[in-house]
Structure formats: C-alpha cells, structure tokens
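Below you'll find the structure, written out as structure tokens, and then a few comments.
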Amino acid sequence: MKYLSEYRDAAIARPLIERIKRTATRPWTLMEVCGGQTHTIVRQGLDELLEGAIEMIHGPGCPVCVTPLEQIDKALMLAARPDVIFTSFGDMLRVPGSDCDLQQVRARGGNVRVVYSPLDALEIARRHPDREVVFFAVGFETTAPANAMAVWRARELGVPNFTVLVSHVTVPPAISAIMQSPDNRVQGFLAAGHVCAVMGWTEYEPLAMRHRVPIVVTGFEPLDILEGMLMAVEQLETGRHTVENQYVRSVRREGTPAARTRVEEVFELVDRKWRGIGEIPMSGLRLRPAFAAFDAELKFGLGDIHVNESPECHAGEVLTGKLKPPRCPAFGTRCTPEHPLGALMVSSEGACAAYYHLAKYRAASEAEPAGAVS
Amino acid sequence: MCLGIPGKIVELRDDTGLAMGVVDFGGVRREVCLAYVQDEARLGDYVIVHVGFAISMVDEAEAHRTFEVLREMSQLDELGWLDEVAEAAEASRGSATTVTQTGSRIP
Amino acid sequence: MTAVSPVTLACPVPLVAHDRVQLGHGSGGKMSAALLRQRFLPALANEALARLGDGSMVNVAGVDVVVSTDTFVVSPLEFPGGDIGSLAVHGTLNDVAMMGARPVCLTAGFVLEEGFPLDILDRIVRSMADAASLAGVPVVAGDTKVVERGKADGLYINTTGIGAADAQFRPAPERARAGDVVIVSGAIGRHGMAIMAAREGLAFETTITSDSACLVGLVERLRTARVDVHVLRDPTRGGVASALNEIAAASGVGVEIDETVLPVPDDVRAACEVLGLDPLYVANEGILLAFVPAEDAERVLAALRSHPLGAGALQIGRAITGHPGMVALRTSLGGTRIVDLLPGDQLPRIC
C-alpha cells in the first residue's frame, strides 16, 4: 500500500538502527505516548533491536489502558439495559470493568455491536428509532473530531435516540504530568503523529521549553519510529530540547483546523481521571451544554459512581515509566493475560502483556530440553 | 490511540450537507467523511483516515522527500560503515590513526 | 495503583472465570481451549478425544476408520467465494484429509429457523451437493430440525465425515519434530476477511473471496509423493497462528516463522491494515500447513505445487528445540515477536 509499505523497508531500517546505536553515547529513555506506536515497536521487536541504546517506555496512549474504570462500569450498565443498543470500537470490548467486560454483558443478553466509525453508530440509531443507541466515545484528539461530528450530525438530522458516553482525553496534560512527577525517568518523547495531524504541534512547544525535553512528532511505521528515535537521540546528545516533526507528510504545524474547530464546538475541557494514573487537570473532554441532549450520562441518569481498582495493580507506575512491568509484585503470578488485574495486561500490546510474552519466550528459549537434537 | 491509514480518494459526494467520499486503501474501499479536508481534497488525493474520517491530507511531495532522505541516509551509512571498518582495521595494524565519528548526517 | 480504600470493590474478574458462554468461546483461541479442557474433556474423556486432533481414528472390526465432525455457523450465509453449504462439505472433508485418511462418506444435519426462505435453502443445498459430488464423497445420512423464529440465525449445518485410514500416511498434531520445516499451501487470511468485509457495520468493499475449497485432492498428491508428513493441519478459525500454537504444544517443539515470506495477498493485507487485524489470526478454509522432515521439503513443495490449490506453496518456518510449545515470528527487521494464542476473537481496533 502506498505511503505504508515503503516505510517498512528492512534494507533502510537496519542501517537506521545501527545509526541510532552509534549516535547514542549512553542509553537514553524515551517514551512513545501512542498505543499505535507501541503496536509497531512491539510487533517489529524494535525494543530488542535497540537494547542498550534506547529504552522505550510505553506511555499512556491507548484508550484501552487509560479509560477510567468508572466510565467502563457506566458502559457496562448501559449495555445491559434491554432498551439499549450499545455501540463501541472493538478495542473496548475486552477491557475489564469492576465485575465483567462488554463481551460478558453481550453474553448475558446485552445488545453490544462493534462499529468501525461513530457515523455507523449514528446510522444504527436512524435505522432503529424504537431503540436507544449509545456510542462509547473514547479516544484521544485523533478520534475526537469523528465523535464530535457524530453528535453534530445527530443534532442536525434530529436523531433523538442517539447518545454518546464520552471518555475523551488529551495528550499534552499527560506529558506535563509525567514530566512533573518527582521520579520521572523519561528523557524524550515521540509525540503521536495522528494526534498532531489533527491538533498540530504548537501545544508541545511550551512543554519542550518548560521541561527541557525533546519532543518529536512521529509517524507509525517502523522507519517513521526509527527516524523519530534518531531525531530525539540527536537532540539529547547535543543538549537540545525542541519540538521537531518527523511525520512531515501528514502533519502540519497548525494541524487540520476544520477538525479542531468542530471539536471545540462540541466539546469542552474538563478534569479527567486516567485509569491507573489518577486525575489530570483539564485533560479530558466532555460535551458542551448545548449538546446535553446527546449525553448518555445525563439521559440515563448515571451520575457519579465511585469504584476502586485492584490495589495489587501498579498500572499507573508502569504507564508513567516509574516501574518496569517485571518488577510489579503481581507480574506473571497473580496477573497474566488470562487473568489480568489491570488493563495493561489485556491487549497484547499493553506494556505488561508485551513484557510477559517476552519473558515467557526468553525463559523457554534458555531452558532447552536436555538431549534434544535438531 | 490512533490507527490512521493512508488511502486515495476515488469518489466525492455530498450527503445532505456532509462531504463524504469513497477512499481506496490498496484495493479495499470504504465510505469516508471528508468534511475536515474538503477545502483541499480532490479526486486522486491521498488522505489519512481514522475511524471513517479523513483527519489530514498526505503531502505527496513531502512523503517522497522523507523517503528519499531516509534512503540516502541508509546508503551513506553503509558507506560510513565501510570507512569505519577500514579505519579500525588500519588502527589495529599499529597505525596511529584514531577512529573518528563518521558523522554523515543529513541535515 | 496506590489508592486503597477500605471499601474496595473486587478487582476485575479473571477473564476466564465466566458464568456464561461468550462468542470468544467459539473463536479457536484460548477461551475455546479452556472450554474444551474444563467442560467437555472431563465429562467425555477417552483416549481418542484427549488427543484433540481434527478427528479420531477408531477401529471398526479390524479396520481403522477416521471420524470427524464440524458444525457451521456463518454470517452471511452466502459470501464471496462460497456459502455455508459448500463450506460445510469442504470443512469436514478437509479435517478427514488432515488425518491422512481418504474420505468415504458424509452425513449432514440441518437446524433451520422458522421462516427461512426456501429459495435460499435450495441454493445452499445445491451448492452442498455440487461440492460433495466434485469431491466424489456422497452424503449418506441426514437430519433436519426446525426451531421457532428467533431461536436460530437462519440456518446451521453439522457435517460428519468418515474416512478410511492409511497405515502408511498418518500425520498427527503431536508428530512435529525439531528440524521439520513448516510449509503452507497457499495465501493466508482470505476466508476470514471475505466474511468480515461482508458484515454489517464494517461494510468494506473488497475483491477478497473466500478460499473455501476441498483439500482432499491436494493431500492425495502428498500421499503419492511417499513422504513421511509429520503434521497436516487446515488453519481455520484462529488462523495460521492458532494452528501453529496447537501443533507446538501437542508436539513439544518450538516453531519459528519468517514474516517476510508469509503469503498474505495485497487485498487481505490492506483490509487488515484498515481494521487493525493480524492476518496470522484470520480464518482460512482452503489451505493446509504441513510439518515435514527438512530433507523432504523440496519433494513436498513440488507435490503441492503440482495441484492448483497448492500452486503458491512455500516454506514459512521450521520447528526447533528452543522455546517448546511457543511460536515466534522473526520480523522483517530482524526482531522477534511471540505469536501467542489470542484469548478470544480478533476484534477491529482503532488503537
């Protein structure tokens, strides 16, 4: 596929990896904020290839990992209602709530449907005027324009049976929170290319200045990520700390203004809790009062609920880079991909699950059966 | 957070005031909302699509340039490598040459 | 998480401690395996069943006979490249063939929903008949049940296949040996993506057609090549990744595959990119995986390539002594990725 396959070229990637290793005079700790980048890093084994030169901390950039337990529980309550068709991106179906997940709600009779686009959820609402259709509007700045448009269209077309359960978060406050943490280990960031495709990168300039940290807007293919790492390492090696753009083909300084405008029309900033991390001021989005009719929490009177995570789960420290998953006391014992205590053990790219598979593989590779002949 | 895939606009249309279109992803086609890029997007242009929405244009000239820079960098690097190996070999033969950083960086 | 409250709610329940059947239990992944081991095997245990092959061999009055059964539920019932009727024939014949047996006959059981259109039923039954006659295997017994409207999704089919075992040709999941090469007979991911593209809600236009096909003829080429094929498997639900994991576990070997040679067609790859899916876990209905001794690899490839369904056959990896029971993928950049069983179904993702 054009603009995808060529950025996976191993013949270019290998020398890039060597170059990063030679440029780094000491090991540097970088964080990729976005789950999509984590996906590429884990799937291509880039961590392993750069061992000794760069340690990547997989940051809090995946709605699966950071959507707060309260919102998951609200989703489960709504999905269980007999009058509701609950629509969601596939990602959210296996995220554990307090006592089950959306797949289990479906097994108990809930009408839960996976959609590709929020406009598909709106279409389901138009085709089922006798049912309440709720869409689980999760995600970061990349997804916000799509979810904002679905709400906007619902109002424009007059679709009274469509509502959204909003759990939107934004990246810059999270970067700020991580940098302000007293035991922060992150020395440079790969900023999420698609978040910046929408938002541009002006918000990151004061962050790079204030925290004296390099931030490189980076794409998602292996060559993008390697180039982004190289740019960050070069800044670190030369004592610079600015915002640079690796993902030039898709990101402009101002982002995509029409998308930003629609997001601002529909949503407003609010303090938001991040699963595993806690509340980060002004880090979330909620519907503006003008769109209250499309707010599932108001329509179904969900109000505030208070829940607590497993005290054994240290996801927050992992997401902010303070704790490596294998050092968590529950890792691999009481917390495994089959029995996750927290969200990071759920998807195969969750930081904990990724470490778990690697540890299992290394253990198995070292313990070759005695006398086995190949 | 953000699976965004580049695809080519192959159809443009208006759905009761909303700019929509069909985008081709290497042979797979899907209806996509083009409202956020409608001022720029033309048939045949490439856009990044996330959850059924075009969130930005792909700048083909920049894409080409990035790729060329990367490719040149890797080729230069391979040459740089050879230099280094040669220098190291020389050094090990007792010459006083110090091995220096190759520094074949593209600005 | 450091905030501990005195009235802490229970932590998220372990994902396998379910009180109800979920869709994931039918995915061919970890949940399916758990259902089998925890619910069915303890109650129905016997030596043949415990081997968890595609079917079993039983001795009937001194003759070894292979029996395999499979139930087909697919939405939509008719899809690009096939329908539930031909699929029900191919699927079971393929399972019999994977045990090295020659299929002799089939049985078919239908569960029909009240109100199901008879013209569609006619098309599906005709397609079934065509598939069976093309394979030269008659449907010799059948059964029909009708359930109330809303109690089934149109039509389900169960087929059982009987085959004559071949003492000289007995591939089995536990026979893989370190040093074997892993061969795939053709392109991966077509069936699953053809079905997914046709699903409501995802609605992608593609040219992808299901690979649904009868593999009996292809297996005959292997039989006549006189090679000791250690394992044959058709990687259906759960895809190539799940099949390799099952073989690695059953044989106690590690499996290493090479990402750069995996035969993923461009349209399948594109659809997977858009939906965020991994083609290694996507279902196939017309290809097979073979584990064969390295010295026989060329002969096996030649035998497979002599048949139209095996024209694209190639080596994708090998069995090793390291990491027994696990499958590792060597990425195109030289990194390593563990290819584990998925807990349940692969779901489209945005992240």
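Each reported figure results from applying straightforward, stated rules to the coordinates on display, with no laboratory input. The structure presented is a predicted model; accordingly, all values stated were derived computationally and were not measured. Backbone-built Cβ (ideal geometry, glycine too); neighbour counts: all protein chains shown.
Distance from the Cα centroid of region C:145-179 to that of region A:12-82 is 40 Å (rounded to whole angstrom). The mean count of C-beta atoms from other chains within 10 Å of the C-beta of residues in A:109-118, rounded to a whole number, is 5. If you model region B:5-58 as an ellipsoid using its alpha carbon gyration tensor, with each semi-axis the square root of five times an eigenvalue, the axes come out at 15, 11, 10 Å, biggest first.
Fraction of C-alpha pairs exceeding 20 angstrom in region C:158-236: 50 percent, rounded to a whole number. Taken about its Cα centre, region A:1-306 carries a charge dipole of about 360 debye when Lys and Arg each add +1 at the Cβ and Asp and Glu each add -1 at the Cβ. The packing ranking of peptides C:213-221, C:128-136, highest mean first, is C:213-221, C:128-136, where packing means the average number of other beta carbon atoms within 10 angstrom of each residue. Positive-end ranking of A:Pro289, C:Gly192, A:Gly278 along the dipole of the protein assembly as shown, with charges on Cβ about the Cα centre, is headed by A:Gly278. Inter-chain Cβ neighbour count for C:342-348, averaged per residue, equals 5 (cutoff 10 Å, partner chain atoms only). Is there a quick way to get the dipole size of the protein assembly as shown? I mean about its Cα centre, with the Cβ of Lys and Arg at +1 and of Asp and Glu at -1; what is the value in debye to the nearest 20? With only Lys, Arg, Asp and Glu charged at Cβ, the dipole is about 1000 debye. Give me the log10 of I(q) over I(0) for region C:173-338 at q = 0.10, 0.12, 0.16 Å⁻¹, as the Debye formula computes it from C-alpha points; what are the numbers? The computed values of log10 I(q)/I(0) come out as -0.35, -0.51, -0.89. When restricted to Cα atoms, the protein assembly as shown yields an Rg and a Dmax of 27.5, 92 Å, respectively. Listed by chain and number, the lysines placed with their C-alpha closer than 17 angstrom to that of A:Lys324 are A:Lys360; residues fewer than eight positions away on the same chain are left out. Taking every Cα-Cα distance in region C:190-265 and sorting them into 5 Å bins starting at zero, the pair-distance distribution P(r) comes out as 3, 11, 16, 18, 21, 16, 8, 5, 2, 0 percent. Straight-line reach from C:Lys30: which aspartates and glutamates have a Cα under 13 Å away, not including same-chain ones fewer than 8 places off? By straight Cα distance, C:Lys30 reaches A:Glu338, C:Glu246, C:Asp340, C:Asp345.
Averaged over peptide C:325-333, the number of partner chain Cβ atoms lying within 10 Å of each residue's Cβ comes to 6.
Using only Cα coordinates, the Kirkwood hydrodynamic radius of chain A works out to 21.7 Å.
Cut-off under 24 Å on the C-alpha distance; same-chain residues fewer than 8 positions from A:Lys299 excluded. Which lysines are left, in chain and number order? List returned: A:Lys74, A:Lys273. Adding -39500 (n - 2.57) for every DSSP H run of four residues or longer, then dividing by how many residues the protein assembly as shown holds, sets the calculated 222 nm ellipticity at -10000 deg cm²/dmol. In the protein assembly as shown, a dipole from Cβ-located charges (positive for Lys and Arg, negative for Asp and Glu) runs towards its positive end, and of A:Val195, C:Ala178, C:Leu222 it is C:Ala178 whose Cα lies farthest in that direction.
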